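Written out below as structure tokens is the structure these notes cover.
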């Protein structure tokens, strides 16, 4: 899936020609309700009690397999390695059918993305979610047209925190790491950005097991209205 990344006729701004790469779950979209609902379906099928949203929410940042492993561990039922893939396969079937039942973009997200494009930036998604699931979610939320590239873990040489995932997303959107910013919510995003030497913005409202301030972003934002100015500050420095 691809779309034009920057607005036609954008004025010369610090964002002109830059790529802003985004994590998806916990950064652009609050997907926790649907992801944890699916995890709880698996737990119920295995005779285990469901996990409350607030407890399982921090487990999301490293992909569905990690969510399943951490979820079963939290339910006092640690998994053997050979149990994970069958559960993952069942997870995908249910989640794909319910991918946007309760998931919604965070407040102000779409308006901020439109502002970035108006100012000449190209946007990319760099997510450990599978590419097909990512595009299905963005399609369901009518956000796909905002992005020049969507690169899931399966479309990169290695998933975040490997720098090549972020570099692949930036390249796919038509940019260079020297003119890019990573926007995320968790350690995988921070580590990928640092490894690629790309400036880092983290959001305070995402999914992380490590307190977000301890991840030492270049800029921490509490709401999307702050994002365009934060990107301009980093790229204009």
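The values are calculated or read from the model by the stated rules, or taken from the named source; none is laboratory data. Just so it is clear, the structure is predicted and the values come from calculations on it, not from any experiment. FYI the Cβ positions are ideal-geometry reconstructions off the backbone, even for glycines, and counts take in every protein chain you see.
Some notes on this structure:
- Scanning region 103-111 turns up one or more residues that are modelled with pLDDT of 95 or more and over 22 Å from residue 230 (Cβ atoms).
- Subset tally (residues that are touching a helix residue (DSSP H, G or I) at 6+ places or on another chain (Cβ under 8 Å) and assigned to a helix (DSSP H, G or I)) for region 210-237: 7
- Residues being crowded, with 19+ Cβ neighbours inside 10 Å and in a loop (DSSP other than H, G, I, E, B) - total across region 108-126: 3
- The set of residues in region 43-78 that are touching a helix residue (DSSP H, G or I) at 6+ places or on another chain (Cβ under 7 Å), touching a residue at least 40 places away in the same chain (Cβ under 8 Å) and either exposed (fewer than 15 other Cβ atoms within 10 Å of the Cβ) or in a helix (DSSP H, G or I) (or both) comprises 57, 59, 60, 61, 62, 64.
- Residue tally, condition in a loop (DSSP other than H, G, I, E, B) and surrounded by 24 or more Cβ atoms within 10 Å (Cβ to Cβ), over region 8-23: 3
- Whenever a residue of region 106-135 is at positive phi, its partners that are crowded, with 24+ Cβ neighbours inside 10 Å, lying with C-beta atoms within less than 8 angstrom and at least six residues away or across chains, give the pairs 120/15; 120/18.
- Residues that are in contact (Cβ under 8 Å) with a residue 12 or more places away in the chain, more than 20 Å from residue 187 (Cα to Cα), surrounded by fewer than 24 Cβ atoms within 10 Å (Cβ to Cβ) and in contact with a strand residue (DSSP E or B) (Cβ under 6 Å, 6 or more places away or on another chain) do occur in region 154-173, at least one of them.
- Looking across region 213-228, the residues that are in contact with a strand residue (DSSP E or B) (Cβ under 9 Å, 6 or more places away or on another chain) and surrounded by fewer than 20 Cβ atoms within 10 Å (Cβ to Cβ) come down to 213, 216, 218, 219, 220, 221, 222, 223, 226.
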